[in-house]
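Chemist: Before I ask anything, let me first share the structure, which is written out below as structure tokens.
All of the numbers you see were taken from the coordinates with simple rules; none came from a lab. Bear in mind that the values here come from a model prediction, so they are computed numbers and not experimental data. All Cβ positions, glycine included, derive from the backbone under ideal geometry; neighbour counts span all protein chains shown.
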Amino acid sequence: MRENKAQTKKRIINIIRKEWKCIFSNLNSALFVTSLPLIITAQALILIYLTMKFAGAEVLVKTLLGKGMENWLTMFPELESLSLIDRFQVFFFALFPFYLLLIPIMIAVSFATFSIVEEKQERTLEPLLATPVRTWELLFGKALAGAIPSLLITWFCSGLFIAGIVWIGSSHLLGFVLNAQWFISLFLLVPLFSFLAFMLGVISSSKANDPKTAQNIAIIAVLPILAILGVQLTGFIVFTTTMLLVLAFVLGILNFFVLHIAVRLFQRESIVVRWR
């Protein structure tokens, strides 16, 4: 049993190393993985800063965002002591971990969808399938190979965002921003969404005959993120600590079933034969 576990671990690590070698040996791929998250982070920080500076809390409170902030405030009464402008800042800062979920999704759509399609085109998939590696190990390793770096860069960007909050002069709000919801989002939801995004990318890549088709299938992973951001901004649903934990639990179960579905759909024995 221990020997089987050791062999499984070794095969998954070998797959991860192979994927990383392909990704980071390509300059364009490496730049995409690192630059896109930084751009997304800078964009969010600049947008919040400009909104607060030029729109003002008095204008925002009359918009749909004002209603969303009021609904959100009912779940966090400790923020009532803050000024209106500070409430809006905390409201926007608290949304950032959900916005960060776009980073692994975008990277997954670009890379995971190429993962198996490129191997089909380059005729490197058949030798891999001829090895003792099991299907779930292959797919799990490919998903982890993309999810791990995207997860690390996402966490790095969260640190940059916190530094940006200090830089724009809102460090006094960090105590309200860095709460349980922030850490649950970063250390539970981000990893779970990252793996789910790459798993969907791998599934689409294994079933498609070209990268564009694979990307069109994998892009559906963006929809839940946009929905979460939308309901938060409008205050239709306020994600409390309990709700986030329930969401993380559901995502964990969903990841397990998606991996199981991916293994069933992969059709190891015929995928190379059927590829033209």
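Chemist: Take LYS67 and SER81, extend 7 Å from each Cα along the Cα→Cβ direction, and tell me the distance between the two endpoints in nm.
Modeler: In this crude spin-label approximation the distance works out to 3.1 nm.
Chemist: If you add up the charges near TRP72, with Lys and Arg at +1 and Asp and Glu at -1, over every other residue whose beta carbon is less than 14 angstrom from its beta carbon, what do you get?
Modeler: On the way: positive: LYS67, ARG87; negative: GLU70, GLU78, GLU80, ASP86.
Taking every Cβ under 14 Å from that of TRP72, the sum is -2.
Chemist: Through the Karplus equation 6.51 cos²θ - 1.76 cosθ + 1.60, θ set to phi - 60°, convert the phi angles of the stretch 159-168 into ³J(HN,Hα) values in whole Hz; use x for Gly and Pro.
Modeler: Result, ordered by residue: x, 5, 5, 4, 4, x, 4, 5, 5, 7 Hz.
Chemist: List, in order, the whole-Hz ³J(HN,Hα) value for each residue of the stretch 64-74 obtained from phi through the Karplus relation with A = 6.51, B = -1.76, C = 1.60 and θ = phi - 60°; use x for Gly and Pro.
Modeler: With coefficients 6.51, -1.76 and 1.60, one gets 4, 5, x, 5, x, 5, 5, 5, 5, 5, 5 Hz.
Chemist: Oh, and also: Taking R0 as 35 Å, what FRET efficiency do you get between LYS5 and LEU226 from their Cβ-Cβ distance, rounded to the nearest 0.05? Before the final figure, lay out each step's value.
Modeler: Numbers: r = 39 Å, r/R0 = 1.12.
So, using R0 = 35 Å, E works out to roughly 0.35.
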